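Novice: Below is one structure. I have some questions about it.
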Amino acid sequence: MAQGAQDGSFPVDPLHQFEIQRLVTVNVGGLDLSFTNSALWMVIAVAAITGFMMMATRGRSLVPGRLQSCAEILYEMIAGMVRQNVGSEGRVYFPFIFSLFLFVLFGNLLGMIPISFTFTSHLVVTFFMAMVIFLAVTVIGFICHGAGYLRLFFPHGAPLWTAVILVPIEIISYLSRPISLSMRLFANMMAGHILLKVFAGFTLLMGIAGVVPLAALVGITALEFLVAVLQAYIFTILTCVYLHDAIHLH
Amino acid sequence: MARITTITLAVAAVALATGPAGAAEGGLPQLTQTDTYVSQIFWLIVTFAALYYIMSKKVLPRLGQVVEGRREKIDDDLGRAERLRAEAEEVMQAYEKALGTARGEAGAILKATSDEIKADTAQRLDVVAREQAERNRREEAEIEEAMARATGDLAGMATSAAQAVTQKLIDVTPAESAARAAVDDVMEGRR
C-alpha cells in the first residue's frame, strides 16, 4: 500500500480497498465462483443481520428492551415506507423490501470498519440488484395491468400529439432507472471511501500539518456514516416507488 | 448536487494521487476485475436468498407477532376500559332512575296523605259548619219568634193603652181595630 512513499508519490493507493481477492477458489463448470473478500463481507452482513434480529426478537416481550426496540423501529419504519409508497398491496413485497434495506444498510455500514470491504461499492453488485428490481417491477406491472402497463409511458390526460415527445422521454427515463439506481449507491459508496483514503494519505504526507486533513477526516467519517444510512434508505424507497408505479400506474 | 461535487472531487483526487501508477494498474477495480463479476453476482444471490429466507420465515413473523400482539393488547385494554366505562354509566343511569322513581313515589305518597288530610279536614269542617248553621238557624228562629211575640205584645199593649188614653181624654172608646190600625201605622213609620 505504502510502496510509493519513498519516491515522493502518494503514500496510499485509494483504489486498493476495492480490489477483489479470492479467498477460496471455486470453479464450477468453467464458472469462477470463488469465495472472495466481497462474498465474505456479504456473509458477514447476513450473519450480523440475522444475529441482531434473532437476539432482538428472542424475548418477544410486550414491553420491548433496547435491542427489540431497535428491531421494532426498523420493522415499523419499513412497514410504514411500504404502506405509504406502495399501499396495502405492497404487503406481499414487505419481506423483500425489509431484507433489501437491511442488506444494503449493513453492507454500507460494515464498510465503515477499517480494512473491511464494502460490497455495495462495486457496480456489478448494485447494478445486479437494480436490474433484478427493475425486471421484477416490470413483470409485476405487466401481470397487474397486462398491455395496459404501457400507459405508464404516456401521462393520462395529455394531448395526443404530445405522445411524440413524451413517450420517448418516458421510455428513456424508465429504462434509465436501473442505471441511476445502481450508479447512485455505487458512486456514493466508492467516492466516500476514496475520499477517506485520500485524506488519510494527505495526513501521512503532511507531517505535523497533517492534523488539518485529519480533522477533515473525522468530519468526513461522520458524513460517510450518514451517507451509508441515507443511501440504503434511498435505494429502498426508490424500489418502493417503482413498485407503486407498477401496481398503481402513476 | 453537493454529493456530485464531492464525487467529482474524489475522482479528481484519485487521478491526481495515483497518477501514472494508477493508470498503469488499470484504474478502478470495479471496472477492471471483470473476471470476478460472476462470483460477486453468485454470492450476492446466495447471501441475499439466505437473508430473505431467514427474514421472511423467522424474523418478520416474530416481529410482526410482537408488534401486532401489542397493538391488539392495547386495543383490547382500550376496549375493556370502554366497556367498563359504559357499565359504570349504566349503573349511574339505573341509580338515577331509581332515585327518580323513589322521589316520584315519595311525592305521590305525600300528595295522597295531604289530600286525605285535606279531605278529612274539609269533611269535619263541613260537619261543624253544618251543625253551626243548624244551631244558628234554630236560634235565629227562636229570636225571631221571641221578637215577634214581643212585638205582638207591644202592639196589643199600645192598642189597649191607646184605647184607655182615648177613653180618658175624650171619653170615647175607639174600636179596637181602629186603635190597632193606628198603632200599626205609627210603628210602621218608626220602623
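Novice: Considering only residues that are more than 17 Å from A:F128 (Cα to Cα) and out of contact with any helix residue (DSSP H, G or I) (no Cβ under 6 Å at 6 or more places or on another chain), look in segment B:43-62 and name the one that is modelled with the highest pLDDT.
Specialist: Here the answer is B:Y53.
Novice: Of A:I194, A:I169, A:I140, A:I165, which residue is over 22 Å from A:T36 (Cβ atoms) and either buried (at least 16 other Cβ atoms within 10 Å of the Cβ) or at pLDDT 95 or above (or both)? Working first, answer last.
Specialist: Details: A:I194 fails: over 22 Å from A:T36 (Cβ atoms); A:I169 fails: either buried (at least 16 other Cβ atoms within 10 Å of the Cβ) or at pLDDT 95 or above (or both); A:I165 fails: either buried (at least 16 other Cβ atoms within 10 Å of the Cβ) or at pLDDT 95 or above (or both).
Only one candidate qualifies: A:I140.
Novice: Specify which of the listed residues (A:V139, A:V82, A:V164, A:V124) is in contact with a Cys (Cβ under 9 Å, 6 or more places away or on another chain) and either within 14 Å of another protein chain (Cβ to nearest Cβ) or not hydroxyl-bearing (S, T, Y) (or both). Before you say what the answer is, go through the steps one by one.
Specialist: Values: A:V139 fails: in contact with a Cys (Cβ under 9 Å, 6 or more places away or on another chain); A:V164 fails: in contact with a Cys (Cβ under 9 Å, 6 or more places away or on another chain); A:V124 fails: in contact with a Cys (Cβ under 9 Å, 6 or more places away or on another chain).
A:V82 is the lone residue from the list that is in contact with a Cys (Cβ under 9 Å, 6 or more places away or on another chain) and either within 14 Å of another protein chain (Cβ to nearest Cβ) or not hydroxyl-bearing (S, T, Y) (or both).
Novice: Considering each of A:F18, A:F94, A:F119 in turn, give the residue that is within 7 Å of chain B (Cβ to nearest Cβ) and either over 18 Å from B:T36 (Cβ atoms) or buried (at least 20 other Cβ atoms within 10 Å of the Cβ) (or both).
Specialist: The conditions single out A:F18.
Novice: What are the residues in segment A:25-35 that are under 19 Å from B:P29 (Cβ atoms) and either touching a helix residue (DSSP H, G or I) at 6+ places or on another chain (Cβ under 6 Å) or more than 8 Å from chain B (Cβ to nearest Cβ) (or both), if any?
Specialist: Going through segment A:25-35, the residues under 19 Å from B:P29 (Cβ atoms) turn out to be A:25, A:32-35.
Answer for segment A:25-35, where residues must be under 19 Å from B:P29 (Cβ atoms) and either touching a helix residue (DSSP H, G or I) at 6+ places or on another chain (Cβ under 6 Å) or more than 8 Å from chain B (Cβ to nearest Cβ) (or both): A:T25, A:D32, A:L33, A:S34.
Novice: Give the residue, chosen from B:L78, B:L84, B:L154, that is among the hydrophobic types (A, V, I, L, M, F, W, C) and under 30 Å from B:D184 (Cα atoms). Show your work before the answer.
Specialist: Numbers: B:L78 fails: under 30 Å from B:D184 (Cα atoms); B:L84 fails: under 30 Å from B:D184 (Cα atoms).
Residue meeting the stated conditions: B:L154.
Novice: Got a number for residues in segment A:60-71 being small (G, A, S) and at the interface with chain B (Cβ under 9 Å from one of its Cβ atoms)? Working first, answer last.
Specialist: Taking segment A:60-71 as the starting set, the residues that turn out to be small (G, A, S) are A:61, A:65, A:69, A:71.
Keeping just the survivors that are at the interface with chain B (Cβ under 9 Å from one of its Cβ atoms) gives A:61, A:71.
Residues meeting the conditions: 2.
Novice: Checking the condition at pLDDT 95 or above and either away from chain B (no Cβ under 14 Å) or surrounded by 14 or more Cβ atoms within 10 Å (Cβ to Cβ) (or both), which residue from A:F153, A:F235 passes? Walk me through how you get there before you give the answer.
Specialist: Values: A:F153 fails: at pLDDT 95 or above.
Sole residue among the options that is at pLDDT 95 or above and either away from chain B (no Cβ under 14 Å) or surrounded by 14 or more Cβ atoms within 10 Å (Cβ to Cβ) (or both): A:F235.
Novice: Could you identify the single residue in A:S180, A:S176 that is closer than 27 Å to B:P29 by Cβ and away from chain B (no Cβ under 14 Å)? Quick ask: steps written out before the conclusion?
Specialist: Details: A:S180 fails: away from chain B (no Cβ under 14 Å).
Within the list A:S180, A:S176, the selection yields A:S176.
Novice: Confirm whether A:G107 is modelled with pLDDT of 90 or more, assigned to a helix (DSSP H, G or I) and surrounded by fewer than 17 Cβ atoms within 10 Å (Cβ to Cβ).
Specialist: Details: modelled with pLDDT of 90 or more: yes; assigned to a helix (DSSP H, G or I): yes; surrounded by fewer than 17 Cβ atoms within 10 Å (Cβ to Cβ): no.
No.
Novice: Which one of the conditions (1) facing another protein chain (nearest Cβ under 10 Å); (2) buried (at least 20 other Cβ atoms within 10 Å of the Cβ); (3) closer than 28 Å to A:S121 by Cβ does A:I44 fail to meet, given that it meets all the rest?
Specialist: That leaves (2) as the condition not met.
Novice: Please work out which one of (1) touching a Gly at 6+ places or on another chain (Cβ under 9 Å); (2) at pLDDT 95 or above is the condition A:T126 fails and give its number.
Specialist: Every condition holds for A:T126 apart from (1).
Novice: With B:Q40, B:Q93, B:Q123, B:Q65 as the choices, which residue is under 49 Å from the mean Cα position of the chain (by Cα) and under 30 Å from A:V132 (Cβ atoms)? Please lay out each step first, then the result.
Specialist: Working: B:Q40 fails: under 49 Å from the mean Cα position of the chain (by Cα); B:Q93 fails: under 30 Å from A:V132 (Cβ atoms); B:Q123 fails: under 30 Å from A:V132 (Cβ atoms).
The conditions single out B:Q65.
The values are calculated or read from the model by the stated rules, or taken from the named source; none is laboratory data. Worth saying up front: this structure is predicted, and the values here are computed from it rather than measured. Here Cβ is always computed from backbone atoms with ideal geometry, including for glycine, and neighbour counts include all displayed protein chains.
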